[in-house]
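Q: Starting off with a structure, shown below.
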Amino acid sequence: MVKAEVLSKEKSSLGYNCVKFARSRADFPLGLWTLDDKIKIIRTQEPYVGAVFVEKTKLPYGHVGIVKEIKENTLIVEDANYVAGYITTREVSKESILGYY
């Protein structure tokens with residue numbers, strides 16, 4: 001897994017839960033507690049602006065957020081709880097993403 005670069009972070013009440021944050025920005029299903037739950041809702045392997053990404057992490061829950069910009073080998077994403085309690089904007093490798101909703 002390639003380490004993501006945090007470009008900015010903002011303290012927020014939504015900063016403690018990536019799924020709640022994603023749901024506040026996109027139509028996104030309820031009941032996504034585990035990485036397996038998140039993998040099951042993947043619709044495509046192609047990123048698009050506004051998509052919810054599913055990312056594998058060291059924790060068993062996985063991670064989700066919103067695609068903001070697509071570059072050649074990386075994505076600019078916005079997410080919550082990558083840094084506990086914060087909404088972050090990060091640049092991540094496309095290789096670290098399992099798929100998109």
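Computed from the coordinates by the stated procedures, all read-outs in this text should not be read as laboratory data. The structure presented is a predicted model; accordingly, all values stated were derived computationally and were not measured. Please note: Cβ atoms are built from the backbone with ideal geometry, for glycine as well, and neighbour counts cover all protein chains shown.
Q: Based on other C-beta atoms within 10 Å, arrange LEU32, LEU14 from fewest to most. Spell out each step's value before the answer.
A: Numbers: LEU32 23, LEU14 18.
Ascending number of Cβ neighbours within 10 Å: LEU14, LEU32.
Q: Another question, if that's okay. May I ask you to sort VAL92, VAL64 by Cβ crowding, counting other Cβ atoms within 10 Å and putting the fewest first? Let's see the in-between values first.
A: On the way: VAL92 23, VAL64 27.
The order, fewest Cβ neighbours first, is VAL92, VAL64.
Q: Something else now. So which GluC sites (Glu not before Pro) in segment 1-94 pass both tests, a DSSP loop state and at most 11 other Cβ atoms within 10 Å of the Cβ?
A: Values: sites: GLU5, GLU10, GLU55, GLU69, GLU72, GLU78, GLU91; in loops: GLU72.
Of the GluC sites (Glu not before Pro), the ones in loops of segment 1-94 whose Cβ has at most 11 other Cβ atoms within 10 Å are GLU72.
Q: Roughly speaking, what is the stretch gain from ILE39 to VAL6, that is 0.36 nm per residue apart minus the C-alpha to C-alpha distance, in nm to one decimal?
A: Details: separation 33, 0.36 × 33 = 11.88 nm, distance 2.40 nm.
Length gained between ILE39 and VAL6: 9.5 nm.
Q: Along the Cα→Cβ direction, 7 angstrom out, place labels at LYS20 and GLU91. What is the inter-label distance in nm?
A: Roughly 3.1 nm, to one decimal.
Q: Between their Cα atoms, which of LYS9/LYS68; LYS9/LYS71; LYS58/LYS94 are more than 19 Å away from each other? Present the calculation step by step, with values, prior to reporting the outcome.
A: Details: LYS9/LYS68 15 Å; LYS9/LYS71 21 Å; LYS58/LYS94 17 Å.
Cα-Cα > 19 Å for LYS9/LYS71; rest within.
Q: While we're looking at this one, here's another question. Need the list of aspartates and glutamates near LYS11 for cross-linking: C-alpha distance under 17 angstrom, and skip anything on the same chain fewer than eight residues off.
A: Result set, ordered by chain and number: GLU78, ASP79.
Q: A follow-up question, please. Taking the chain as a Gaussian network, where each spring joins two C-alpha atoms under 10 Å apart, which residue of ILE41, ILE66, ILE76 fluctuates the most?
A: The residue with the greatest mean-square fluctuation here is ILE41.
Q: Evaluate the charge dipole of segment 1-71 about its Cα centre and quote only its size in Debye, nearest 20, assuming +1 on the Cβ of each Lys and Arg and -1 on the Cβ of each Asp and Glu.
A: Numbers: 13 positive and 8 negative charges, 31 e Å.
Rounded to the nearest 20 debye, it is 160 debye.
Q: Also: What do you get for trypsin sites (Lys or Arg not before Pro) in the chain restricted to DSSP loop and a cutoff of at most 13 other Cβ within 10 Å of the site's Cβ? If you can, show how the numbers build up before the last one.
A: On the way: sites: LYS3, LYS9, LYS11, LYS20, ARG23, ARG25, LYS38, LYS40, ARG43, LYS56, LYS58, LYS68, LYS71, ARG90, LYS94; in loops: LYS3, ARG43, LYS56, LYS58, LYS71.
Listed in order of number, the matching sites are LYS3, ARG43, LYS58, LYS71.
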